[in-house]
Amino acid sequence: METLAPTRIIDERFGVNTYIISASGHAFIIDPVLNPKLKESIEGISIDFSILTHEHYDHIYSVNELKAEYGIPVFCGESAKNGLMDPAVNMSRYVDFLKQYIPFGTGEVDSCDYSCGADRLLKNGEMIVWQGHKLFIKETPGHSKGSICIMLNDQYLFSGDTIFKEYPTATRMPGGSTKAFKNITEPWLDSLPQDIMVYPGHTEPFMLSERYNTNH
Amino acid sequence: MTNPEKIALLEETWELDEGTLTEDTVLADLDEFDSMGKLSLIVLCDDEFGKKLTGETIKAFQTVKDILDFMG
């Protein structure tokens, strides 16, 4: 099986990481935030779909543009569906308040009432086979109700805002749940091989064993 | 909505055990009334009560009862 190397593109406004995973002339995108760098990177590539790791505005604010300009289908976890459509849940309405406390990016985005939709809702535990590669979808509530992690070939974990190396998981935002994180997400993360690479929604990739862990 | 029901909503929003809050609870004594707690309160008031909370209004809140009165 060919080895995949995710390409990471950082959007400066919220410091969001967009990842492009390419194989055999095809690609898919995780948390697509359109900017000149991403547009350049996907030129001439057949993008099969994009996946949203969760419903928060900083990760979804290009979805409508992406669909209109490129016609790329957007997937998200089942539990993120309502948040995509609700500006109070996806936080677009509260950006001006929220950006004071986000430690990533320039914050050059203002509050608005943003909503978008997904073309396909991914089930917890669903396996997508893409170009001979396996994508395992796991609901990881805690940071938000609709958070998912995507495991590619048991090798790479795309974690959105579920875990970071240098920051604790923000579970006290609206829609977050400290209890769900401790009862569902942490045990699952603990059960994984700790030497897999994690590609988070902000900041640098790291090894799973290096994650910020309040229990340690 | 009754005040006990509103208090239960606040406890759920701030992930506090049932019975933690009373109308007289002083907000400055609550660890949960930090920036994230305030944001959750803004969303709660917007979503559940259709009330827009401003930073100035939040600053003026002293006790849980002040929040309950704002909720209406």
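None of the figures in this text is laboratory data; all of them are computed from the coordinates on show. As the structure is a prediction and not an experimental result, all values here were calculated from the model. Ideal geometry is used to build each Cβ from the backbone, glycine not excepted, and the neighbour counts take in all protein chains shown.
Put simply, the convex hull of the Cα atoms in the stretch A:7-210 casts, on average, a shadow of 10.2 nm². Helical content alone sets the calculated 222 nm signal of chain B at -16500 deg cm²/dmol, taking -39,500 (n - 2.57) per DSSP H segment of four or more residues and averaging over every residue. Candidates A:103, A:147, A:128 compared by Cα position along the dipole of the protein assembly as shown: farthest toward the positive end lies A:128, with charges placed on Cβ. Restricting attention to chain A, close to 60% of DSSP beta bridges with both partner residues there are antiparallel.
Positive contributions from Lys and Arg (+1) and negative ones from Asp and Glu (-1), summed over other residues with Cβ under 14 Å from the Cβ of residue A:36, come out at -3. The eigenvalues of the Cα gyration tensor, multiplied by 5 and square-rooted, give the stretch A:12-109 an equivalent ellipsoid with semi-axes of 24, 16, 11 Å from largest to smallest. Stokes-Einstein diffusion of the stretch B:3-71 at 10 °C, 1.306 mPa s viscosity, Kirkwood radius from Cα pairs, rounded to a whole number: 134 µm²/s.
Once Rg and the Kirkwood radius are both taken over the C-alpha atoms of the stretch A:111-193, their ratio Rg/Rh works out to 1.00. When the trypsin sites (Lys or Arg not before Pro) in chain B are filtered for DSSP coil states and for at most 16 other beta-carbon atoms within 10 Å of their beta-carbon, the remaining sites are B:51, B:52.
Calculated mean residue ellipticity, 222 nm, chain A: -3000 deg cm²/dmol, from DSSP H runs (n ≥ 4) at -39500 (n - 2.57) each, averaged per residue and rounded to 500. Each distinct pair of alpha carbons in the stretch B:15-54 adds a 1/r term; the inverse of their mean, the Kirkwood radius, is 11.2 Å. In the structure shown, do any of A:134/A:182; A:67/A:138; A:81/A:138; A:37/A:134 have a Cα-Cα gap over 20 Å, and if so which? Flagged as over cut-off: A:134/A:182; A:67/A:138; A:37/A:134. Applying the criteria of a DSSP loop state and at most 15 other Cβ atoms within 10 Å to the chymotrypsin sites (Phe, Trp or Tyr not before Pro) of the stretch A:25-129 yields A:101. In a DSSP loop and with at most 11 other Cβ atoms within 10 Å, the GluC sites (Glu not before Pro) in the stretch A:38-147 are A:43, A:108.
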